[in-house]
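Reviewing the structure listed below.
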Amino acid sequence: SRPFLRKMSAAVSGPTNNVDHIVFPPKARKEDHSVFFGECDISNQSVEDDDIHDSNYRGNNPMTPPLERIDPYFWMRDDTRKRVDVIDHLNAENQYCEKKLEHLSSLRDELYSEMLYHMKETDQTMPYNYGPYKYYSKTEKGLSYPIHCRKITEMGEECVVLDGNEIAKGFEYCDINSIDPSPSHRLLAYSVDNNGYETYRLRVKSLEPATEGTDSSEQYLVDIADTSGAVVWGNDDSTLFYLKMDAEHRPFQLWLHVVGGEDLLLLQEDDGSFWMDVDKTQDQRYLVVSLESPETSEQYVVDLRGLQGGDQHRRHITWPTSQLLLGPEESVVRCLQPRRAGLRYEVEHQEGQFYFLTNQDGARNNKLMRCAASLYFSSSSPRPEVQWEDVRAYDSSEQLEALLPLRGHLALLGRQRGLQQLWVAQVDALTLALSWREVSLPEQAYSLWFGDNREADAEWLRLGYSSPVTPKQVLDYHPASGQLLVRKQQEVPGFDPALYAVRRLLAPSRDGQTLVPISLVSKLGLDPSPRPLLLYGYGSYGVCVDPSFDSKLVSLLDRGVVYAIAHVRGGGDGPPGRGVWYEQQGKYLHKTNTFTDFADCARYLVEEGLTASDRMACVGRSAGGLLVGAVVNMFPGLFKAAVADVPFVDVMNTMSDPSIPLTVTEWEEWGNPNEAQYFHYMLSYSPYDNVKPQDYPALLVTAGLNDPRVAYWEPAKWVARLREMKTNPTSPVLLKTDMSTGHFSASDRYKYIRETAFEYSFILDQILQK
């Protein structure tokens, strides 16, 4: 390819590290590159990278002959992330961004100081019981990462099991994923990613105190590279299970590892639309291996009871050749329900019963079913299909999302009319129709989740709770008595919840039938004139964005900014539930509802006098960045500014190429543009493909060089095209790429706060009256 060229100013050309010379934005070169949609033998990748992946598989019904589109900025794609011209371009963009916003440096420092003030830098989580220990983590002022600890009693001696600051030494990025003590609590398994590409090194270390004469330095009993990060122990300390990923970064292999011994491949999933996961039931008896696409599930259970030592685990855990057959005589592996297109389910176990959250029988928002576990381990072969029975009758006004067994009870998390709800029932093995108690909570808009519940025989249910004005709480709920206790309240220095208010509004959509919820938080005592407002949106994968507390937002609220969340279609938190809000009206050929809902929410806020278009900004991350990108194309003038973090904006190119991580799986989210029924519809909203000559809001776009979910080249190409096409040259379009991280930004908590302060200063500069 031609040498990388860019014009910095009339007097400066080529790469430079002197930001004082940067006057104009980097001008990306244009090179026509053909991208094909449909059946073809031509890879959409750059020629240099053809040996990395096979891009020729185009789905089940590709167009013939294929359609061709020209992409002038395709050259920015570099799967190796090492090409000099690409790195130079990203560095030049970073220098330009810093130069354009250098006038905000004082405001950034001010925001950073405020955010630190509102954060209790030295703190400790609420301990939870697991075996003979109380486990917890703590942070210390000046240290970037948590320190994981345990004690025998609350007043006992502290033992550090894993210090994230030690693990992070020598790395700019450090994400510790699984942290799991072994069944005897003598060993600790954990996984760590040091570049943001979400490829994890799995390690096992001893938690036994060093004896005299032994080396106390870190020694790993297990050290396995290139895993998905998931790790689960077997029935004892001899064995653990982990996952490997394929070339498209899809977890597809289940491996058994004997500590001090060999590795054994147990299962491989060859269908590129299915991802693999591994976990245990709450009572630790069954290993659960999940194979899932966005619309279909298949799960295996492995009965771990009685298995001792690596030899027994290896001998008894063998996969059946057919889901309905028992497999080898001594196998303890069973398929719960062979995959059937459109059937989703997940499993838990309690007292000899398997419980299922499933959409079986058309239960779009899920229902609860069960069957005796013994039915799957009968001696007959081939085994007849096991029938599940309803435990909680399906109610289309309810959405069931998570199940947790504890002593004598079942707890269900879900939602009614879009708002979260908790139900608890006493379990009777002989009675299917359980009596459910609805647990009341004090606020109207909040976020609720299951906390650290590591023991199935616990009497108390550990919960997490937060709202926009309630910092994170740790709650304990006693199902037998209904008692609800606040065990810990997050301390937020300088924050008084009485000074802020939360509201929930319903914005009418343009279809005349749908009301879209909006959650708002603002400071009390503001004058009634239109206020500066920041509107957040996501709206994909059925993900629910429940309002919760973020101490960093206080800096915006105290400056008079209203913060709002638009609960648009495509998410799972709309009043009708996931089945309608997401599956029927928020994906595939109905995806544009997500974008028009967001615009309708923004216009409603303007019409109600809460804000004005010249005082309103929007923000979205990942698929939420797709939302931002589509909206600024479709509705010019609606927002003064927009922030798109790691935005999925190159929809057509990415979704046509199976070599890119997530593509094949997400054909069940967006559709496959290699197929005629989706090509034109997806093309109609893809942000990169719909940039046009018009005014655009001030835009700050971020990327992570090592991001496997939304590759850096998507935002980089989009920014280049926006600069080429937009008609208001004084409105900035800025690209900021973190060269050491991936999709989730900085792992260092102090760096993360600085990144947030950077974005907030950009937003405030645009929407506050000057």
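The values are calculated or read from the model by the stated rules, or taken from the named source; none is laboratory data. Keep in mind that this is a model prediction, so the values were computed, not measured. Note: ideal-geometry Cβ built from the backbone for every residue, glycine included; neighbour counts use all protein chains shown. Areas reflect the complete protein model, heavy atoms only, side chains present, ligands, DNA and RNA absent. Shrake-Rupley method; radii C 1.70, N 1.55, O 1.52, S 1.80 Å.
Overview of values
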{"quantity": "Segment 122-240 shape via C-alpha gyration tensor axes, a/c threshold 1.5", "calculated": "rounded"}
{"quantity": "Mean Cβ neighbour count within 10 Å, used as a protection proxy, ranking 224-230, 649-655, 735-741, 500-506 highest first", "calculated": "649-655, 735-741, 224-230, 500-506"}
{"quantity": "The chain: angle of helix 713-725 to the longest principal axis, Cα-based, in degrees nearest 10", "calculated": "20"}
{"quantity": "Cα-centre dipole for the chain with unit charges at Cβ (Lys and Arg positive, Asp and Glu negative), debye to 20", "calculated": "2120"}
{"quantity": "Charged-residue dipole, Cβ positions (Lys, Arg, Asp, Glu), segment 246-289 about Cα centre, Debye nearest 20", "calculated": "240"}
{"quantity": "Lys/Arg +1, Asp/Glu -1 at C-beta; the chain dipole; positive extreme among PHE377, VAL469, LEU485", "calculated": "VAL469"}
{"quantity": "Whole-Å distance, taken between Cα centres, linking segment 610-625 and segment 266-294", "calculated": "38"}
{"quantity": "Translational diffusion coefficient (Stokes-Einstein; Kirkwood radius from C-alpha pairs) of segment 179-283 at 4 °C, 1.567 mPa s, in µm²/s", "calculated": "88"}
{"quantity": "Carbon plus sulfur fraction of accessible area for the chain, probe 1.4 Å, in percent", "calculated": "49"}
{"quantity": "Whether segment 531-667 is rounded, prolate or oblate, judged on the alpha carbon gyration tensor where a/c under 1.5 counts as rounded", "calculated": "prolate"}
{"quantity": "Ordering of 566-574, 508-516, 24-32 by packing [mean C-beta count within 10 Å, highest first]", "calculated": "566-574, 24-32, 508-516"}
{"quantity": "C-alpha center-to-center spacing [segment 644-716, segment 229-251] in angstrom", "calculated": "31"}
{"quantity": "The chain shape via C-alpha gyration tensor axes, a/c threshold 1.5", "calculated": "rounded"}
{"quantity": "0 to 90° range, to nearest 10: angle between helix 592-607 axis and the chain longest Cα axis", "calculated": "60"}
{"quantity": "Only Lys, Arg (+1) and Asp, Glu (-1) charged, at Cβ; segment 392-480 dipole about Cα centre in debye", "calculated": "160"}
{"quantity": "Between helix 749-767 and the chain: long-axis angle, C-alpha atoms, 0 to 90°, nearest 10", "calculated": "40"}
{"quantity": "The chain - accessible surface per residue (Å², probe 1.4 Å)", "calculated": "41"}
{"quantity": "Segments 250-262, 484-496 sorted - mean Cβ within 10 Å per residue, highest first", "calculated": "250-262, 484-496"}
